[in-house]
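Please treat every number below as a calculation from the coordinates, not as lab data. Quick caveat, the model's predicted, so the values are computed rather than measured. Here Cβ is always computed from backbone atoms with ideal geometry, including for glycine, and neighbour counts include all displayed protein chains.
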Amino acid sequence: MTPSPENGGKSPLDLGVSFAGIQLKNPIIAASGTFGYGVEFEDVVHLDKLGGFVVKGLSREPMIGNPPPRLWETAAGMLNAIGLQNIGAPAFLEEKLPKLRQLKNIVVLANVFGYTREDYERTIEILNDGEGIAAYELNVSCPNTASGGLQFGSDPRSLDEVVTTAKRAARRPLIVKLSPNVTSIAQMAHIAQEAGADAISLVNTFVAMAIDADTRKPRIANVTAGLSGPAIKPIALRMVYDAAHAVNIPVIGMGGISTAADVVEFMLAGATAVQIGTASYWDPCATEKIVDELQRWCQDHHITRLSDLTGGMILE
């Protein structure tokens, strides 16, 4: 990289990363379910500073989600059982996507959910008509629904079938979001790759629960919920490392990321990009702040091209 005279002869910092033919200005992606449909954050976050964002999980028809209470803060994270409440793919195309297209230099990824393979297929077919979507993220790993989701993500045969179906329908790159609630994440990553995934993202939340000792009732109406936040980071990091060594396609890492150093750890473990979710609940500007922090981290550590860190953990 040729030094630039404008910065005293120092090499310019390149935070850019790419996967499945998609170029991001930096590896920071706002995770699905934590950033609404993007337009809700327009007055809070400079969206064009992010690498991209994933919209709330979309289904072929609107879904009302689970009854409250649906959120509970834990000692080092958060339980959620929202149940994939969303306006449905047709309404997203009509009401949300036109507004997103007005925003410049934004990479929009659409998270897709279904109860059956046909649901996934039909939802993708609907979204294929939407201009401005860069890729689909196939949610086969949500633990907060009565059926679908976790069922697909935890059974090898079901995962193969749903990814194959979705890939056949998709006119855009397909990212498969994997569940951590499996015996071997490496096996599931390999199955997703062989079924046609262009990239994988992991991890989604861990099945967990909380009980009110005084009332003896569950803190979440759904009883069980998905655990996210800093509590899961060490496990998520290990799973990203295992998955990255099992596939040849890009890996997008997530799970408890709240600092620039966390981002670097996931990249060293093998991630090309990362998603940030729970941190946005504590601070709606977290994603933007981490981009700034990441730039300072690279400058302090004399990193000129961030993408060089992917898979760069040193083993002695």
Practice task
Mind putting a number on the dipole of the range 1-110 about its Cα centre? Charges go on the C-beta only, +1 for Lys and Arg and -1 for Asp and Glu, and I need it in Debye to the nearest 20.
Solution key: 160 debye
Exercise for the section: Please find, in a Gaussian network model of the chain (springs between Cα atoms separated by less than 10 Å), the residue of Gln193, Gln275, Gln299 whose mean-square fluctuation is greatest. Expected result: Gln299
Practice task
Place +1 on the Cβ of every Lys and Arg and -1 on the Cβ of every Asp and Glu in the range 1-139, take the dipole about the Cα centre, and give the residue among Ile126, Gly57, Ile87 whose Cα lies farthest towards its positive end.
Solution key: Gly57
Practice task
Starting with the fewest neighbours, write out Leu103, Leu315 ranked by other beta-carbon atoms found within 10 Å of each beta-carbon.
Solution key: Leu315, Leu103
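How long is the gain from Arg305 to Lys99 if the chain were fully straight, where each residue apart is worth 0.36 nm and the alpha carbon distance is subtracted? Please report the intermediate quantities before stating the final value.
On the way: separation 206, 0.36 × 206 = 74.16 nm, distance 3.28 nm.
Fully extending the segment from Arg305 to Lys99 adds 70.9 nm.
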Practice task
Can you pull the one-decimal nm distance between simple spin-label points at Arg238 and Met313, each 7 Å off the Cα toward Cβ?
Solution key: 1.0 nm
Completion exercise
If every Lys and Arg gets +1 and every Asp and Glu gets -1 at its Cβ, then about the Cα centre the range 54-157 yields a dipole, in debye to the nearest 20, of 240 debye
Handout entry: FRET efficiency estimate (nearest 0.05) - Cβ-Cβ, Arg157 to Cys285, R0 41 angstrom
Key = 0.45
Problem - Lysine pairs meeting the criterion (Cα under 21 Å, 8 or more apart or interchain), as found in the chain - result: 18
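Roughly how many debye, to the nearest 20, is the charge dipole of the chain about its Cα centre, given +1 on each Lys and Arg Cβ, -1 on each Asp and Glu Cβ, and no other charges?
On the way: 26 positive and 34 negative charges, 54 e Å.
That gives a dipole near 260 debye.
Run through the DSSP bridge list for the chain and note the antiparallel percent, rounded to the nearest 5.
35 percent
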Practice task
Would you look at the GNM of the chain, springs on alpha carbons closer than 10 Å, and say which of Tyr241, Tyr281, Tyr136 moves the most?
Solution key: Tyr281
Exercise for the section: Take Val39, Val263 and order them by how many other Cβ atoms sit within 10 Å, fewest up front. Expected result: Val39, Val263
Fill in the blank from the handout: Listing His302, His46 by rising number of other beta-carbon atoms within 10 angstrom, fewest first, gives His302, His46
